[in-house]
Each structure stands twice: as structure tokens, then as C-alpha cells.
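Inspection log for the structure reproduced underneath, given as C-alpha cells.
The values are calculated or read from the model by the stated rules, or taken from the named source; none is laboratory data. Note that the structure is a prediction, hence the values are computed from the model and not measured. Cβ atoms come from the backbone with ideal geometry, glycine included; neighbour counts cover every protein chain shown.
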Amino acid sequence: MVSSYSLDWAFIQRKVVARDSFNQLLRGCQRLGTNTARSWEFYVILLGMKKFCLFVFLLMALDAHLFAHTDDADDTTSATCKEYLKTPLPSEAALIPAPKSWPECNSPKLYSGIGVKADYAAARKCAWAERLAIQADFQPKYTVASLFGGPAMLAVLYANGEGVAQNKPLALRFGCEAGLNENGLNDIDALPSNPVRTGKKFIYCGEAFTTFEMNFCAEYEAEIAAQRRDDVLETFSSRWPKEHQAAFKLLQQANEDYVLSLGKDETYLGGTIRNLRVDNVEEQQRDRFLAAVKTFEGGHLPNGTASDWAKADAELNLMYRKVIAAAKVPKEADDGAIQPEGIQRTERVWLKYRDAWVTFAKLHYPSTDPSSWLTLLTIMRTASLKMTLCGINDQDPSCTPEIRRALEKQF
């Protein structure tokens, strides 16, 4: 998607310093073992350089001594944590009974207000129990709560002073227990005395480094975003007549079906960051839906005629055939490639989504001609198919620089 760059140390370090040190990138490449080449895909996209991975491995062949620095960094973190782990626990730790299984509570959800009202004290109490359950090896594998609950959540709460007095030594201890990297520990140590008031809070997912962590952070952040969207939509719909609310519920379900189909059937599913890619595609459509409702509720309604819809529909059909043809072109063996059958499934799901919008709009915005909604929704579907086409073949003339930039934002 991106043309070649002139690569140099200064450029790479400038790009990486905003999130992780260059040494940390190299250390991650070491740790990911046989999956290294694929895992570097994230950084290729992040830095906007297709040739970055090739460059790094060539550089390593010429300058193998660079990796000595990563071992030194690991040793430093281990030595630092040895001291932090001596920090005494508060008295409340002794009041938590030893669990016999993984706790039913969920500290990340209690902290972020997902499905419940945010409650820092409850999140802390739950995190203590999760910490004991992790020590007893009761934690479920590969869940948001088992990765970011327990000591990770305690590190966040004590670092930021949320629901409890700020205590950076304790936060550092829990960061070490959770396996937080050196940069994360340094970020905790550098926090101001009131992170919440200054807007400089410690965010655990901000320290995510491996693609494994990033995938689960994306899942957690998607849950948070979903709750916020639901809260906004509930604010609007709670004032509507019951009939309108019922039609909107059906529209929301149709949108969610369309969202999931876009993620499953019109997104490239190869590589180690496929979950990140799917999450981003799905979140973009959910955000577009919310933005549309906000716009329409603000009084800015679409305007189109039957002639406009006919023109938009003809353009959609042309683009649809083009995307199907591109998906049928034989490619190198790749289980994650977008398939014609997937595009066809998404199109059928989109038609139901479109019709649900029109049904709701007839009730809720009766003064707007249905052709207006059909025109707008058809134009938006054509734009989505252009993105799909560029995901299949980024050399297609339809792939303008604007679309390429939009595709890169999916990552």
C-alpha cells in the first residue's frame, strides 16, 4: 500500500520513540521466535514501511551486536523488579479470602463501566481476588480479565490513585507481578501526583508490546467503545415513541450483523494481527453508525431523488462486479484472502441493513423521501466496496491515495 522509503536509524528512532524504544522492538522480534516475520507485520504497518522487516533483518545480519542491548535491558528490568517486589502489601490484601476458582467479578469491566456503573473500589476488591486466583493458577487462558485484571488492574488503580490513594511503589510492584515491560515501569515512576486531574493517567494497554497483547487490548478497547456508543444511543432512543424504539432495535441488530460480516468476509484475515485488523474494521462501521444517528438527530437529514438513487445503484453494481472479479483472481496460497463468497454474503447482509434503515426512517423521519436514504446508504456501500477492492489489489486504479490512507488507519 505504501511506496518505498529511504530508511535510516534516525528516521526509525523518531517513529518508534512515541510508543516504544527501538531496542524494545528488537527485543520483541527475538521473543516472538518462529512467528517473528509475521509479527513484524504490525510494525511494518505502524511505521508505514513495507520494507521495514527486510531492512531490520538485513541490519541484524550486519550488526548482530545490537541484540546485546536487549539482554542488558531484560537484566535491568529483572533487577529493578527484584526491589519493587519487596514493597509491602496494604492491610486489605489479607482480608481477601483465597479463591477456589476464578472470581465471577471482572475488574476491567468494573473499572471501565462495561455493562455496569464504573466502580474503582469494586474493581480493586475484584482485582485482589483475581490476583490470588492467578497465583493459584485458576485464571482462564486468553481472556481480557486474566490478562488485564489482577495485578495489572491493581497497578493501574494505585498508579493513578483511582478509588485509592496514589501509591507508585505498590503500582510498580504490581506492574512487575503482571510482567510489565521496562518502559511501562518507567512511565509509572514518572507519573505526576494527580494523574487523573492532569490527564496523564497510566493506561496499561498503552504499554502493550507483543501482537498477543495488542490483540487483547483491541478487544478490551472495543468493549469500552461499545459501552460508550450504547450509552449515547440510549440517550437518544429513550425519548422516542415505543414503535420507533422497536424499529431502531431491529436496525441496530441489522447494523451489528453488517459489522460482523464486514469483519469476517471483507477483511484480509492473514498474519498475526488479523484480530486487530478485524476489530478496527468493525469499530469503524460501528462508529459510522453512531455518527449517522447523531447527525440525523441534529436535524441534518439526507437529500436525494429517485434519479439519484438509480445512479448510485448503477455505480454500486459496477463496483460490486469489479470487487468480485478481483477476488476471483488466483493468488498465492493464503488462507486469509478475501473470497468472492464472502463478498456476496456481506452484500446480502447489507441489503437487510439498508432496508432496516429505510423502515426506521419512514417512522422516525417521515418528512424525508425514502429515495434520500437509499441514495445515501448505496453511496456508503460503494465506498466500503472500494476499500475491499483495495484490500484485495492495492494496485487497482480505484485505490486513490485517500483510500490507501484510510486502509492504513484500519491497522
Which residues, taken from the range 84-98, are under 34 Å from the mean Cα position of the chain (by Cα) and not in a loop (DSSP other than H, G, I, E, B)? 84, 93
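Return yes when residue 136 is more than 18 Å from residue 216 (Cβ to Cβ), in contact with a Lys or Arg (Cβ under 7 Å, 6 or more places away or on another chain) and either outside the structural domain of residue 232 (by TED's automatic domain parsing) or surrounded by 15 or more Cβ atoms within 10 Å (Cβ to Cβ) (or both) and no when it is not. Can you show your working first?
Details: more than 18 Å from residue 216 (Cβ to Cβ): yes; in contact with a Lys or Arg (Cβ under 7 Å, 6 or more places away or on another chain): no; either outside the structural domain of residue 232 (by TED's automatic domain parsing) or surrounded by 15 or more Cβ atoms within 10 Å (Cβ to Cβ) (or both): yes.
Against the criterion (more than 18 Å from residue 216 (Cβ to Cβ), in contact with a Lys or Arg (Cβ under 7 Å, 6 or more places away or on another chain) and either outside the structural domain of residue 232 (by TED's automatic domain parsing) or surrounded by 15 or more Cβ atoms within 10 Å (Cβ to Cβ) (or both)), residue 136 does not qualify.
With respect to residue 148, determine if the residue is in the same structural domain as residue 199 (by TED's automatic domain parsing), aromatic (Phe, Trp, Tyr) and either under 18 Å from residue 203 (Cα atoms) or in contact with a His (Cβ under 9 Å, 6 or more places away or on another chain) (or both).
Details: in the same structural domain as residue 199 (by TED's automatic domain parsing): yes; aromatic (Phe, Trp, Tyr): yes; either under 18 Å from residue 203 (Cα atoms) or in contact with a His (Cβ under 9 Å, 6 or more places away or on another chain) (or both): yes.
Yes; evaluated as a whole, the condition is true for this residue.
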Total residues in the range 298-319, condition surrounded by fewer than 18 Cβ atoms within 10 Å (Cβ to Cβ) and either among the hydrophobic types (A, V, I, L, M, F, W, C) or not in a loop (DSSP other than H, G, I, E, B) (or both): 10
Here is a check on your reading of the model: is residue 179 farther than 19 Å from residue 120 by Cβ, surrounded by fewer than 15 Cβ atoms within 10 Å (Cβ to Cβ), out of contact with any strand residue (DSSP E or B) (no Cβ under 6 Å at 6 or more places or on another chain) and not hydroxyl-bearing (Ser, Thr, Tyr)? yes
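Does at least one position in the range 184-195 carry a residue that is in the same structural domain as residue 284 (by TED's automatic domain parsing) and among the hydroxyl-bearing types (Ser, Thr, Tyr)? Walk me through how you get there before you give the answer.
So the first thing to find is which residues in the range 184-195 are in the same structural domain as residue 284 (by TED's automatic domain parsing), and the list is none.
So far as the range 184-195 goes, no, none of its residues is in the same structural domain as residue 284 (by TED's automatic domain parsing) and among the hydroxyl-bearing types (Ser, Thr, Tyr).
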For residue 130, state whether it is among the charged types (D, E, K, R), part of a helix (DSSP H, G or I) and farther than 28 Å from residue 198 by Cβ. yes
Quick check on my filter: what residues within the range 210-248 are assigned to a loop (DSSP other than H, G, I, E, B) and within 16 Å of residue 142 (Cα to Cα)? 210
Please determine whether any residue of the range 299-307 is under 26 Å from the mean Cα position of the chain (by Cα), among the polar types (S, T, N, Q) and modelled with pLDDT of 95 or more. no
